[in-house]
Structures are given as C-alpha cells and as structure tokens.
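Notes follow once the structure below has been shown.
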Amino acid sequence: MAELVVTMAIGPLVSMLKDKASSYLLDQCKVMEGMEEQHKILKRKLPAILDVITDVEEQAMAQREGAKAWLQELRTVAYGANEVFDEFKYEALRREAKKNGHYKKLGFDVVKLFPTHNRVAFRYKMGRKLCLILQAVEVLIAEMQVFGFKCQPQPPVPKEWRHTDYVSIDPQEIASRSRHEDKKNIIGILVGEASNADLTVVPVVAMGGLGKTTLAQLIYNDPEIQKHFQLLLWVCVSDTFDVNSLAMSIVEASPNKNVDLDKPPLDRLQKLVSGQRYLLVLDDVWDNKELHKWERLKVCLHGGMGSAVLTTTRDKRVAEIMGAERAAYNLNALEDHFIKEIIVDSAFSSENGKPPKLLNMVGEIVKRCSGSPLAATALDSVLRTKTSVEEWKAISSRSSICTYETGILPILKLSYNDLPAHMNQCFAFCAIFPKDYKINVEKLIQLWIANGFIPEHKEDSPETFGKHIFDELVSRSFFLDLEESKDSSGYYSRTCKIHDLMHDIAMSVMEKECVVATMEPSKIEWLPDTARHLFLSCEEAEGILNDALEKKAPAIQTLICDSPIQSSLQHLSKYNTLHALKLCLRIESFPLKPKYLHHLRYLDLSWSDIEALPEDISILYNLQVLDLSNCRCLERLPRQMKYMTSLCHLYTHGCWKLKSMPPGLENLTKLQSLTVFVAGVPGPDCADVGELHGLNIGGQLELCQVENVEKAEEKVANLGNKKDLSELTVSWTEVGDSKVLDKFEPHGGLQVLKIYSYGGECMGMLQNMVEIHLFRCERLRFLFRCSTILTFPRLKVLMLEHLLDFERWWEIDERQEEQTIFPVLEKLFISNCGKLVALPEAPLLQGPLVEKEASIRPH
C-alpha cells in the first residue's frame, strides 16, 4: 500500500475564497456594480471545485501527476482570486469611511492615498481582474471533467468541540522510568571527569523521535548535576552551526549575559567559562560536519577542571567530530511495554472505555512504532479518533510507521493528514518559524486569522475558534513545551514549540511558500516567486529585503522580521500583498506607505523606536491587530484611529511616553484587547475612559493617570464590571485626595487587581480577588469599613508596599471572634507599612514566616 504523503491544504484556501465572494459587504456597498453576472457565475463555480477537492487530493497522494499539477494551478488561481476579493472588501470599507467623514478629517490630499479609487476607473480595473479569474476557473472546471474527478463533498467544519478527556502520559515521567539506566550512565560519565583538565564531550546519538532532548533535560535538572557543576548552560542548535551565532547563544543562556557587551562573541564566551566547572548542553546538532567549525568553538570552551559538553544529534558523523576522543552514547529504542503504556493510556477516552477488540490490536501497533515515543504519541492522536476495528486495522497494516534507515517517521505524515483541512493549513503555516523557535500562542492565532485560515463560525469569534484549533493540535502532540511568562511590563504571554520532525512535516507542505532566513542568504534564488510567508532574522535585514525585491515581486502575505531595521526600506509598492507584518524599527519613522498596505490585518511594531505613527495609517481599514507594546519613545497615536473599525487588539503596554488616547475609541466596536489606556487632560483630541463603556474589553487592562478622569468613580466601576476582564491595574501619577475606590465592587470574573498611588483611606469590596497588589497608597488606613470580619475565599497573593498610613485590616479595632479571613493565601508580602502592628488570621501565618514564604519588611 502506497505511503500517505502530505496534502497541500488547498481546500481551506478555496473555502476562504468562497466566503469572501459571498460577503454581504460587497452587495451592501455595491462595489461590484457592473460585474454582477461574473460575480454570480463565480459563486456558482467555486462550490463545484470544492466538491471534488477531496478526490483530487486522494489522487495526488497516489502520486498521480495530473492531479498534482491541477492542484498546484488551483492554488495559484485561488491565491490570486483571494487578493482580488480583498481589494473589493477594502473598497467597501473605504466607501464606508468616506461616508462617515474620514477624508475631510485626514486634512491632506486624499488623491495621493487613493489615486485609483475613482468609481469608473475602479470598475474597469476590477472588471478585467475578475474576468481573468473567471476564465482561469472555467479552465480548471473543464480539466476537472476531463480528468474525471469525482464529487466527494468536504466534511463540514465541526461546530462542537470534543472534550479531550483522555489521560496523557507525561513525557518527563515516562522518560524518568524508561531512561533511568541511560540517565545514570551519562551522569556517571559527566561527574566522573571531575579531575580531567580537558573538556569532556559526550555525544548522545539516536534517530529523531527517540527522546534525546527529554533525556538531556532529565540529566540537566538532576540534583547531582546541579550540585556538581558551577554553571549550567542549555542551547538549542538545530539548523545552522554558525560559530559566532552559537557563541552568542551560549553567552545569552548564562546569568551574566549583560557583561562585556562591546566584545566579540567568542571573547565573551571564553571569559564566561574561564575558571568555572560548567556543563553545556548543545541540543539537536545536525549541521556540524566540518571539523574546523567545532575546533574554533572548542578553543573558547576551556573552563574549569571537569567541564563538559553534552550534545544530542541524529547524525553519527556529527557525533564523531564533536566527541572525537570518546565513543558516542547510542540511545536505544524504547522497550515495547513503555510504548504500549503510552498508546493504551492515551488512545482510549474514558468515555468509551477500552474495548477488548481494540486492546487486542495494541501489540501490532506497538511493533509498528519501532520503539519511538514520538511515533507512539503521534499515533495516539490518530487512534483516538478511530473507534472501529476496521479503522485500527487500516492503521496497523500500514508499513514503515517508523524507520531507522531514514530517521523519518512516516506516521507523522499520517498524523498530519488525519487532521481536518483547516487544521492542516493552520499547522503547516508554522513552517514560517525556525526550528526550536518559541512561538507566542496568542500571536500565532492572530496570524492564522490575518491570513484567513480560521473558518467563519456564527457561534464563536475567530479568536475563540483559533484557541480551539490550537488546543486540539496540542492534544494531538503537534505543539509541545507550553510555557507562561511575563514581560518587563507585566504582560502575560504563553509560548510553545514544535518538535523538529513535526517541523519537517510543516516544511514538506509549505516548502514553496515559506522561507526562513536566519543567516544572510546566498544570492541564488533564496526568495522564489512562490514565496508567501517570510521570516527574517539576520543582520542588515533591510538590505537583504531591498536587494531581493529589486528584480522580483513575490506576493508576500506574511513578513516577520526578528532583526532590527536600521534604515529605510525600498520598493515600497511591492509590499502591497501583505496581510501580516512584524518589524522592530531602530528608526523614528514608519518605513512603509499605508497606501500600499490596504490588505494588512496584523501589524507588530513592538520594541520599536518610533515616536509616532503617520496619520494616514488610519486608512488601514482591514487592520485587526496593532501591537505597539514597549515602544518606549511613542508619544501619540493617530488622531483618526476611530476609523480603523476592524481593530480587535491594541497593545500599548510599555509605552511610557504615551500621553493620551485618540478620541472616538467607542467606534472600535470589535476591540477585545487594550492593554493600557492613558487618560489625558480632557480635550477634543483626547479620548475619555467612558468611551470604553460599550466595548467588550477582556484580558489585561491598565488605566493610567486616573487624576485626569472626570467622574472617575463611575467609570472605574464600569471597568471592574467587564465580564471578560481578568486583570485590572489602576494608577495615579501621584497620591492625592481620592475616593474613587471607596465603593469599588468588581465583577466576579476579575481575578487580579493592582492599585498604584491611590489617595483614599480604604478600598471597596474585593472579596472575589485571587491577587491584590497595593503600591504607594500612602493614605490608606484600613481595608474593611466595618467591624465584621470578612473572608477572602479566593485570595492567594497579597502584596502591600509603601502604605505609610496603613494601621489595621478593619475600620473598628474590635474582634468579636477568631476568623480566618485569608483561608487559601499562598504568598504575603508587606513592605514599608510601619504603622501596621498585627497580621490577620491565615493558614499561611501559622508558623515561622520564613518557612511560609511571607515577607514582612517594616518601614
């Protein structure tokens, strides 16, 4: 039976086109006037193509070249047609904005912004484009009939999401049992070289998916290793063994990464390890077959006596070069009973139990996995959706689920092809990220939405649907290493990674569409005409872009530039197909012209040096995400931002110089995220916080400069009642007379409250809080208004800092009875509260404070 190859995920692209062609906005704004007949024909033809997509992809998987070529042509036509309908949508939004007075308020010559938007000229230009698309579709349908593609309607996108009630084995837990002897042996080698003056190198070799990285993590975190070595460093190497870049990564992994910033990376590395017994883990090295590269790095790795490098690799030649004096440690396949444990505990849901007929087939499935835990885990995601003996037989009879010869796991392709089509596309897009890249989950979902990968659902928002897709992919082991972290501005984010072999699957689907450049690319065709998504992380990225676009114009939809842009960009009109753009600007002005960015949905300028955005950026009527976080020089936002009515997420945290918000934010009815609202001095060019009243803001929100808010008590109370808001920060510039929070009673969904420089004597009803942080509230005397002792049933963290007048927990210093008011408190921090003489009743405080993690620092 022929092996499954990955599909090209074209169905969702055509479905996206069908949805755009049927948009009510096109009819409402009459942007297709004079093109009605072609529009009707196209809307009829697209479902016919969708009906045969499944059959064509099955034929393509059977290596039929005609079907493959037809799909490739369909992909090209669908991309082009999507761009045409994006132009129609933008014209509809432009006309709406013009009707609402945007042009008059822009205050400059709008002809320069919209030179082609005369209605007659627009109709002529778009009529020609639509006719060409229709002709291409007619040819595809004619060929469809010649090839005899059969009608197999696509399965509908599921509207109800199954609950993943299976119990998943913890990789670390099963590895600690299955790899106990391997771990013991390698630790013995590393610790046993304590008196060796030469660098010890231990290469661990195994095919992909056997758990090399997991074993290295167990060794790295072992108490004996932690105690033995003075310095521990971990670096993922993956794609390219570049000596200077790797030296920099090693230094960046150390606690002293901010030392000697002016020196070359190799000099910094040599100084870092000098005189220290260190362990360096170089994980996943597979591009180091040149001895001179390793020798050049190794010269700078001479540390204290007993220092060691533990490296993991799939390539025996790499292991021979790096560990020249020591035989590689070969990691064997996992024993069958561990593979069986993974499959049995994960493939069966608790709801359906473990049918005996299927249990009897597990042994055959185990043999197919060839001892690979990754193969077993990936197989679980397929088996979990199969409930009949016939379906299990189809899987168990497949040959080469895992092969040692190639080190590739065809089962991963099977796992990918088993996904619904829209999930195929969402996961394949992740090929845009380099291997081992920490992917921001929230940003990933927004990039999916910006590129149109999330199908429309009446019941759910695109963000909610995107979260369902991500969670489903996690449950199927497509993503791993989920972590939550907090940046310097206190904003939480969640990140994930993709296993190298899963990344290979994504690349095999998107190799013609995703380009990743982490070093200066060679001049030979590094950016093909088929490229749609581009990731750049190399020096002088702007020069590389300028050179690449000089002679060609690929229709780039996503451009993520992880390196600072130090100078201007050229060939600006060639960026006109962008849907998503990330730039870190080291120049004060925005380097692109908004008039070329009509299709832009996602704009990330975080950590840039810009002082302001151009006023004409408000013509980006499609923009959904604007990330300006940590733009520390940013002083103002565009005054006409209220016309950007598609905006859903606006990130402004870390913009310390921002003085106010632009007026009319109440018009941004789709806004879901606004991280910081700066209340400016009331005036015509300044938004009032009351404009947020009708908006469904969720997540984290910080309200600054509350002293400028008129009727602040009422407006702050409204923020506290937003049901989707989980964290609220309220701050004054300085302590003054204020009673804004006297009667503050936030909604039960609000979990975290942070207050800075409040000038009142007490707080409102905060009984539902999980965390309370009070800073510099110098006039606060007590937390409770009456003598009745109240309980905080959910409070886990309480931080009180610089409350100079804080005397007691309740207004009247009488206690009728002993009562625990903080029953679940986990962390208590009190600093500079000199008048406070007693602590409340709480389990945390029963015993020595040092042992209970409570910190109390008197004034």
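The values are calculated or read from the model by the stated rules, or taken from the named source; none is laboratory data. Computed from a predicted structure; not experimentally measured. With ideal geometry, Cβ positions are generated from the backbone for all residues, glycine too; neighbour counts draw on all protein chains shown. Side chains are part of the model used for accessible areas, which takes the heavy atoms of the whole protein and leaves out ligands, DNA and RNA. Shrake-Rupley method; radii C 1.70, N 1.55, O 1.52, S 1.80 Å.
The rows are residues; the columns are (1) of a type outside the set (Gly, Ala, Ser); (2) assigned to a loop (DSSP other than H, G, I, E, B); (3) open to solvent by 10 Å² or more (accessible area, probe 1.4 Å).
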{"position": "204", "(1), (2), (3)": "yes, no, no"}
{"position": "207", "(1), (2), (3)": "yes, yes, yes"}
{"position": "241", "(1), (2), (3)": "yes, yes, no"}
{"position": "245", "(1), (2), (3)": "no, no, yes"}
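Every residue, every condition in (1) within 23 Å of residue 686 (Cα to Cα); (2) in contact with a helix residue (DSSP H, G or I) (Cβ under 7 Å, 6 or more places away or on another chain); (3) without any contact (Cβ under 8 Å) to a residue 12 or more places away in the chain; (4) open to solvent by less than 40 Å² (accessible area, probe 1.4 Å), yes or no:
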residue	(1), (2), (3), (4)
717	yes, no, no, yes
744	no, yes, no, yes
754	no, no, no, yes
764	no, no, no, yes
776	no, no, no, no
Discussion item. Taking the criterion of being among the aliphatic types (A, V, I, L, M), at pLDDT 85 or above and touching an Asp or Glu at 6+ places or on another chain (Cβ under 8 Å), would at least one residue in the stretch 803-822 satisfy it?
Written reply: yes
Item to complete: Search the stretch 512-525 for residues being modelled with pLDDT under 80 and of a type outside the set (A, V, I, L, M), and hand back the single one that is most open to solvent (accessible area, probe 1.4 Å).
Response: 523
Worksheet item: Taking the stretch 678-714 as the search range and keeping residues that are under 16 Å from residue 753 (Cβ atoms) and not small (Gly, Ala, Ser), which one is farthest from the chain's Cα centre (by Cα)?
Response: 713
Discussion item. Quick check on my filter: what residues within the stretch 360-372 are assigned to a loop (DSSP other than H, G, I, E, B) and either at pLDDT below 75 or over 18 Å from residue 206 (Cα atoms) (or both)?
Written reply: 360, 361
Worksheet, complete the sentence: By residue number, the members of the stretch 656-667 that are open to solvent by 10 Å² or more (accessible area, probe 1.4 Å) and out of contact with any Asp or Glu (no Cβ under 8 Å at 6 or more places or on another chain) are 656, 667
Worksheet item: Limited to the stretch 34-54, what total is found for residues that are touching a residue at least 12 places away in the same chain (Cβ under 8 Å) and either in contact with a Lys or Arg (Cβ under 6 Å, 6 or more places away or on another chain) or open to solvent by 30 Å² or more (accessible area, probe 1.4 Å) (or both)?
Response: 10
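Given the options 472, 463, 484, name the one that is modelled with pLDDT of 85 or more, outside any loop (DSSP other than H, G, I, E, B) and farther than 23 Å from residue 697 by Cβ. Step through it out loud before you land on a result.
Numbers: 463 fails: farther than 23 Å from residue 697 by Cβ; 484 fails: farther than 23 Å from residue 697 by Cβ.
None of the other options fit; the residue is 472.
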Item to complete: Scan the stretch 55-66 and give yes if some residue there is at pLDDT below 90, more than 30 Å from residue 615 (Cβ to Cβ), buried (at least 18 other Cβ atoms within 10 Å of the Cβ) and charged (D, E, K, R), otherwise no.
Response: yes
Discussion item. On the basis of being over 12 Å from the mean Cα position of the chain (by Cα), surrounded by 20 or more Cβ atoms within 10 Å (Cβ to Cβ), of a type in the set (Ser, Thr, Tyr) and not in a helix (DSSP H, G or I), does residue 477 make the cut?
Written reply: yes
Worksheet item: Only one of (1) open to solvent by less than 50 Å² (accessible area, probe 1.4 Å); (2) without any contact (Cβ under 8 Å) to a residue 12 or more places away in the chain is not met by residue 212, so which one is it?
Response: (2)
Worksheet entry | Out of 455, 462, sole residue that is over 25 Å from residue 631 (Cβ atoms), without any contact (Cβ under 8 Å) to a residue 24 or more places away in the chain and either crowded, with 16+ Cβ neighbours inside 10 Å or touching a His at 6+ places or on another chain (Cβ under 9 Å) (or both) | 462
Worksheet entry | Residue among 737, 805 that alone is under 22 Å from residue 832 (Cα atoms), free of Cβ contacts under 8 Å to residues at least 24 places away in the same chain and open to solvent by 20 Å² or more (accessible area, probe 1.4 Å) | 737
Discussion item. Considering only the stretch 645-652, I want to know if a residue exists there that is over 20 Å from residue 580 (Cβ atoms) and either in contact with a strand residue (DSSP E or B) (Cβ under 8 Å, 6 or more places away or on another chain) or modelled with pLDDT of 95 or more (or both).
Written reply: no
Worksheet item: Inside the stretch 519-563, can you point out the residues that are hydrophobic (A, V, I, L, M, F, W, C) and touching a residue at least 60 places away in the same chain (Cβ under 8 Å)?
Response: 519, 534, 535, 555, 560
